[in-house]
Amino acid sequence: MKNSLETINSRRDKILELLHQHEALTIDELSEQTQVSAMTIRRDCKQLVAMGEVEQKRGVISIVHRNVKTNLSDPHDKIKEALAKAAADHVKDSHFISINSSTTALKVLKYLHDPRTIVQTNNANVVNFPNADLYSIILCGGELTPEHILVGQVATNSFSNVQADLAIIGCAGLNINDGITTPIFHEADVNRAIIKHCQRLIVVADYSKIGNTSNFKIGEIDDIDILITDTFAPDEELNKIRRHGVEVVQIPM
């Protein structure tokens, strides 16, 4: 019987925890400390190497340290850029699009080309975003959080009173049982309004979100038209999502 996604993620988290403690360990040492076979550890480490979390040299596994003073970038940033670029390909000329507070969704603006595009968002960080002045930006009203996100009834009403051609949102969790979820209570109602009042919905979510659940439900899997994720996302979960009629696009990394 195949390991569950939860078991696999828990084991890989344990590998990372051990490497943070010991700096570097061999395959056999990791196998002994996690009490699984060396073959399983090799498979896990191969995936962690691809994700940019660890590096492997001559059978020794070590953690990747990211120094903000170097040119090394977080692999998650590269994934977010790739997902945003792919999502932008689905924006048609003169589309009216809604975007939530997601940083990945906001990055879509970098890859739009039609100046007739109209973007409505509750992410006030858009005012400092590159290329934002090339499009018509509608910033919904509402209460401004310390993270510069607009929330509350005014923000919710703003999205409820339009019908967007397309909505592009990010989330913290996505699975069959719990749907689309977010950890932020104050943003939940705004996200629900965005999902309800759009013709098509694109969710951009990297591998770490697939199969996971956060605190507040904002939508169902059936609400999604297109899920854009990466090739690190678990196939088992993606196949379940596909069976709900969702088009799943995986971006090679």
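The values are calculated or read from the model by the stated rules, or taken from the named source; none is laboratory data. Here the structure is a predicted model, which means the values were calculated and not measured. Positions of Cβ are generated from backbone atoms using ideal geometry, with glycine treated the same way; all protein chains shown enter the neighbour counts.
Residues of segment 10-45 that are within 18 Å of residue 64 (Cα to Cα) and of a type in the set (A, V, I, L, M): 15, 16, 18, 19, 24, 25, 27, 30, 41.
Selection within segment 208-218: residues that are out of contact with any Pro (no Cβ under 9 Å at 6 or more places or on another chain) and over 27 Å from residue 47 (Cβ atoms). The member of this set that is surrounded by the fewest Cβ atoms within 10 Å (Cβ to Cβ) is 217. Is it the case, given these coordinates, that residue 122 is touching a helix residue (DSSP H, G or I) at 6+ places or on another chain (Cβ under 9 Å) and either buried (at least 17 other Cβ atoms within 10 Å of the Cβ) or modelled with pLDDT of 95 or more (or both)? Spelling it out, residue 122 is indeed touching a helix residue (DSSP H, G or I) at 6+ places or on another chain (Cβ under 9 Å) and either buried (at least 17 other Cβ atoms within 10 Å of the Cβ) or modelled with pLDDT of 95 or more (or both).
Just one residue in the set 226, 194, 221, 176 is under 22 Å from residue 142 (Cα atoms) and out of contact with any Pro (no Cβ under 6 Å at 6 or more places or on another chain); that residue is 194. Residue by residue through segment 184-208, note down the ones that are out of contact with any strand residue (DSSP E or B) (no Cβ under 6 Å at 6 or more places or on another chain) and closer than 23 Å to residue 78 by Cα. Correct list: 208 only. Among helices (runs of 4 or more DSSP H) entirely within segment 1-79, having at least 1 residues that are closer than 21 Å to residue 237 by Cα, at pLDDT below 90 and in contact with a strand residue (DSSP E or B) (Cβ under 7 Å, 6 or more places away or on another chain) singles out 38-50.
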